[in-house]
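Reviewing the structure listed below.
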Amino acid sequence: MKIKKLFLQNFRNYERETFDFSDGLNVLFGKNAQGKTNCAEAVFYLCTGASLRIRHDKQLIKTGADHAEIRAEAENRYGKVVIEATIFENKREIRVNGGKISKNADLMGHINSVFFSPGELRLIQDGPDERRRFMNISIAQTSAPYYTALLRYNRILDQRNSLLKNRDVEMVLDTLPVWDEQLCKYAALIVKKREEFIEKLAPFAKEYHAFLTDGAEELLVKPDRRYVGSEEEIAASLKRRLADNYEKDLRLGFTTVGPHRDDLDVIINGLDAKAYASQGQMRTAALALKLAEVRIFKELSTEYPILILDDVMSELDLKRRKKLLQCVADLQTILTCTHTERVLYGAECNKIRIENGKIK
């Protein structure tokens, strides 16, 4: 997958700009707060229909404008693809090759991307929400059924949690099995897809981590909970666990079991990374996970995703910077930085200088 052109109008701090990207390394450079990350964010938005930085799309509109436009001309294994997004105060319109799409599931997979920034350190050090988010974003880009199941699971989960707050306990106990039946069907698919993802992720992450650390450390990635059997068997098992926890759920007012509570264990040299790893170790482990994600996309879709590295080099030492450049040699990469001479070390690239939302 390659992105050839990116057009931005009234997006963040851009009034109107067109970016031309090469097939290899593209470096957006300039002082801080000039718009480098905004450009990278626009690419990710067209890949996933969501921003990693904000909750409400209206925040993407340039101050004083009534709407924003983003358009990418790209290529995937099927040929050319044009993705456009028009963002208004209270709605948006997304089109693929001129056809309007009504749901995000129809956007996924046209252009895949992996985004890494210093903020991804939270993937290791923060709570389970961040690791589930990592899995959800990655799996959804290659599996429309997963994305759909996740949406429906979360919708039913919200309804179940609302029910658990009702004071009519008899009515709640009579109604819960109905919600559980639907919840477990989608939960089982989510569980199986995550198991497949982790099974692919673990060896790739271990390999990249060994490369980045010169074999000095070992990284292990595994699910914190093991599920056994087919989707039907997992659904049945989850249904029993939900029933066993009715009293606890009623007391707490929310659902205490299910894939929305699962986690991913990240272990460095036999120790839990969340509790024992240094900042440098966490950063390297998070980078290894993201590079492993790139490999999974290649395995599943037969082509590499677009790799977005936002201000990553400033957080790595010289040795790891050079190793990272080796890892991305075969990928289309969009890298943001403040000083190219400090991070490129002679690597061939397409340099684009950004100043106050303009290409200079």
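Against the criterion of being free of Cβ contacts under 8 Å to residues at least 60 places away in the same chain and either more than 22 Å from the chain's Cα centre (by Cα) or not in a helix (DSSP H, G or I) (or both), Ala33 qualifies.
Among the residues in the range 57-67, are any more than 21 Å from Ala140 (Cα to Cα), open to solvent by 50 Å² or more (accessible area, probe 1.4 Å) and part of a helix (DSSP H, G or I)?
Initially, the range 57-67 is screened for residues more than 21 Å from Ala140 (Cα to Cα), giving 58-67.
With open to solvent by 50 Å² or more (accessible area, probe 1.4 Å) added as a condition, the list becomes 58-59, 62-64, 66.
Checking the rest, the ones that are also part of a helix (DSSP H, G or I) come to 58-59.
Yes, some residue in the range 57-67 is more than 21 Å from Ala140 (Cα to Cα), open to solvent by 50 Å² or more (accessible area, probe 1.4 Å) and part of a helix (DSSP H, G or I).
When every residue of the range 268-280 is checked against the conditions, none turns out to be acidic (Asp, Glu), touching a residue at least 24 places away in the same chain (Cβ under 8 Å) and open to solvent by 10 Å² or more (accessible area, probe 1.4 Å). Among the residues of the range 116-151, just one is of a type in the set (Phe, Trp, Tyr), under 10 Å from the mean Cα position of the chain (by Cα) and assigned to a helix (DSSP H, G or I), namely Phe134.
Select from the range 108-145 the residues that are of a type in the set (Gly, Ala, Ser) and either in contact (Cβ under 8 Å) with a residue 24 or more places away in the chain or within 18 Å of Glu41 (Cβ to Cβ) (or both) and write down the one among them that is most open to solvent (accessible area, probe 1.4 Å). Only one residue fits best here, namely Ala144.
Residues satisfying the criterion are present in the range 160-167 (criterion: surrounded by 14 or more Cβ atoms within 10 Å (Cβ to Cβ), touching a residue at least 60 places away in the same chain (Cβ under 8 Å), part of a helix (DSSP H, G or I) and touching an Asp or Glu at 6+ places or on another chain (Cβ under 7 Å)).
Within the range 138-159, how many residues turn out to be touching a strand residue (DSSP E or B) at 6+ places or on another chain (Cβ under 9 Å) and over 17 Å from Pro223 (Cβ atoms)?
Pass one, the range 138-159, residues touching a strand residue (DSSP E or B) at 6+ places or on another chain (Cβ under 9 Å): 138, 141.
Next cut, over 17 Å from Pro223 (Cβ atoms) only: 141.
Number satisfying all stated conditions: 1.
Figure legend. Inter-residue proximity from the range 201-220: first residues more than 13 Å from Arg283 (Cα to Cα), second residues aliphatic (A, V, I, L, M) and open to solvent by 20 Å² or more (accessible area, probe 1.4 Å), beta-carbon distance below 6 Å, spacing 6+ or different chains. Indicated pairs: Leu220/Ile267. Contact annotation: residue pairs with Cβ atoms under 6 Å, 6 or more positions apart or on different chains, pairing a residue in the range 171-189 that is under 14 Å from Ala235 (Cα atoms) with a partner that is part of a helix (DSSP H, G or I) and charged (D, E, K, R), are Trp179/Arg160; Asp180/Lys239; Cys184/Lys239; Tyr186/Arg152; Ala188/Glu231.
Comparison of Glu218, Glu299 shows that the only residue that is touching a Gly at 6+ places or on another chain (Cβ under 9 Å), open to solvent by 10 Å² or more (accessible area, probe 1.4 Å), over 30 Å from Val169 (Cα atoms) and acidic (Asp, Glu) is Glu218.
In the range 19-33, of all residues being closer than 13 Å to Leu331 by Cα and polar (S, T, N, Q), the one that is least open to solvent (accessible area, probe 1.4 Å) corresponds to Asn26.
The single condition from (1) of a type in the set (Asp, Glu); (2) touching a residue at least 60 places away in the same chain (Cβ under 8 Å); (3) in contact with a Lys or Arg (Cβ under 7 Å, 6 or more places away or on another chain) that Glu231 fails is (2).
Six or more apart or on different chains, Cβ atoms under 8 Å: show the pairs whose first residue is in the range 93-107 and free of Cβ contacts under 8 Å to residues at least 24 places away in the same chain and at negative phi and whose second is open to solvent by less than 30 Å² (accessible area, probe 1.4 Å) and not in a strand (DSSP E or B). Close Cβ pairs satisfying both conditions: Val96/Leu107; Ile101/Leu107.
The values are calculated or read from the model by the stated rules, or taken from the named source; none is laboratory data. Note that the structure is predicted; figures quoted are calculated from it, not measured. As a convention, Cβ positions derive from the backbone with ideal geometry for all residues, glycine included, and neighbour counts pool all protein chains shown. Side chains included, ligands, DNA and RNA excluded: accessible areas come from the protein's heavy atoms. Shrake-Rupley method; radii C 1.70, N 1.55, O 1.52, S 1.80 Å.
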